[in-house]
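The values are calculated or read from the model by the stated rules, or taken from the named source; none is laboratory data. Keep in mind it's a predicted model, so treat the numbers as computed, not measured. Glycine also receives a Cβ, built like all others from the backbone with ideal geometry; neighbour counts cover every protein chain displayed. To get the accessible areas, we keep the full protein, side chains included, count just its heavy atoms, and leave off ligands, DNA and RNA. Shrake-Rupley method; radii C 1.70, N 1.55, O 1.52, S 1.80 Å.
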Amino acid sequence: MSRILIIEDELPMRTALTDCLTAEGYRVLTAADGPAGLDRALAEKPDLILLDVMLPRLDGYALCAELRRLGHSVPILLLTAKGQVDDRVTGLDAGADDYLVKPFSTDELLARVRALLRRVRRTERSTATLRLGDVTVDLARQTAHRGRQLLHLTAKEFAMLRLLADSPGEPITRERFLDAVWGYAAFPTTRTVDNHIATLRAKLEPDPDQPCWIITVHGIGYRLDLPGEPAESLPDIAKP
Ligand code: CA
């Protein structure tokens, strides 16, 4: 269950947000001014912060900037009042991830919340360690081992693996591999993708001819099947 911290000084707004998010199954924490909000954010490490801009004693921008300065990467959704035209830029400069202009609909709020939480889950997954049978891949450090034996993967192979690991269970097209791994400047063919998948399988799969992790999706591309990854936990249909 995701924990959401609401930092908002106006009681009716705070209550409405709390009711709306609680009804969706989120666990809600609240704070009524800037310093209290900063304290709660640091102490309780919520999964997401809804942050009002106009707050007593420490405004939303300053709070946001302070959290980022302290190295906290928690997603922050800024709530700004209508007419404050520079809010968006100032907020994003301060390190906010997204913003909503009051008044906003419940549907819009919930959609933004879901999108931000999903983005975090993806990032966590892509920086995580992949365990494929007896092979361990550290995507952040770009190292791979089978047991204690170091496996030599190229930078492109790591990049392909990272793309696959961002959306386990979902097919990745050859074109997306080319865009993400080779970039627009290069002109490899889709055959290049297949060749790199073949070498990746040779290094990682127990039986490269009958792959169990890097699966061919006919007519589309490839997908990564993680052990013990049930279909219900796929990012796009993830529940809070
Ligand atoms: Ca306010």
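Quick check on region 1-11: of everything there that is open to solvent by less than 80 Å² (accessible area, probe 1.4 Å) and within 16 Å of the ligand (Cβ to nearest atom), which residue is farthest from the chain's Cα centre (by Cα)? Lay out the reasoning, then the answer.
So the first thing to find is which residues in region 1-11 are open to solvent by less than 80 Å² (accessible area, probe 1.4 Å), and the list is 2-9.
Subsequent filtering for residues that are within 16 Å of the ligand (Cβ to nearest atom) retains 5-9.
Details: 5: 18, 6: 20, 7: 22, 8: 25, 9: 29 Å.
Taking the candidates together, the pick is 9.
Condition check ((1) among the hydroxyl-bearing types (Ser, Thr, Tyr); (2) modelled with pLDDT of 85 or more) across all residues:
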site	(1), (2)
216	yes, yes
220	no, yes
230	no, no
236	no, no
239	no, no
Could you count how many residues in region 28-75 are touching a residue at least 12 places away in the same chain (Cβ under 8 Å), open to solvent by 40 Å² or more (accessible area, probe 1.4 Å) and closer than 15 Å to residue 3 by Cα?
6
Just to verify a result, which residue in region 12-25, among those that are open to solvent by 10 Å² or more (accessible area, probe 1.4 Å) and touching a residue at least 12 places away in the same chain (Cβ under 8 Å), is nearest to the ligand (Cβ to nearest atom)?
13
Scope region 198-214; condition within 28 Å of the chain's Cα centre (by Cα) and either exposed (fewer than 15 other Cβ atoms within 10 Å of the Cβ) or part of a loop (DSSP other than H, G, I, E, B) (or both); matching residues
205, 211, 212, 213
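I need a count of the residues in region 47-72 that are of a type outside the set (Lys, Arg) and either within 13 Å of the ligand (Cβ to nearest atom) or at pLDDT below 90 (or both). Let's see the steps before the verdict.
Initially, region 47-72 is screened for residues of a type outside the set (Lys, Arg), giving 47-56, 58-67, 70-72.
From what is left, the residues that are either within 13 Å of the ligand (Cβ to nearest atom) or at pLDDT below 90 (or both) are 50-56, 58-61, 63, 70-72.
Residues that pass the stated criteria total 15.
Find the strands (runs of 3 or more DSSP E) located wholly in region 98-197 whose residues include 2 or more that are surrounded by 14 or more Cβ atoms within 10 Å (Cβ to Cβ) and hydrophobic (A, V, I, L, M, F, W, C), and list them.
Values: elements: 98-102, 129-132, 135-138, 143-146, 149-151.
The qualifying strands (runs of 3 or more DSSP E) are 98-102, 129-132, 135-138.
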Among the residues of region 35-46, write down those that are touching a strand residue (DSSP E or B) at 6+ places or on another chain (Cβ under 7 Å) and part of a helix (DSSP H, G or I).
37, 40, 41, 44
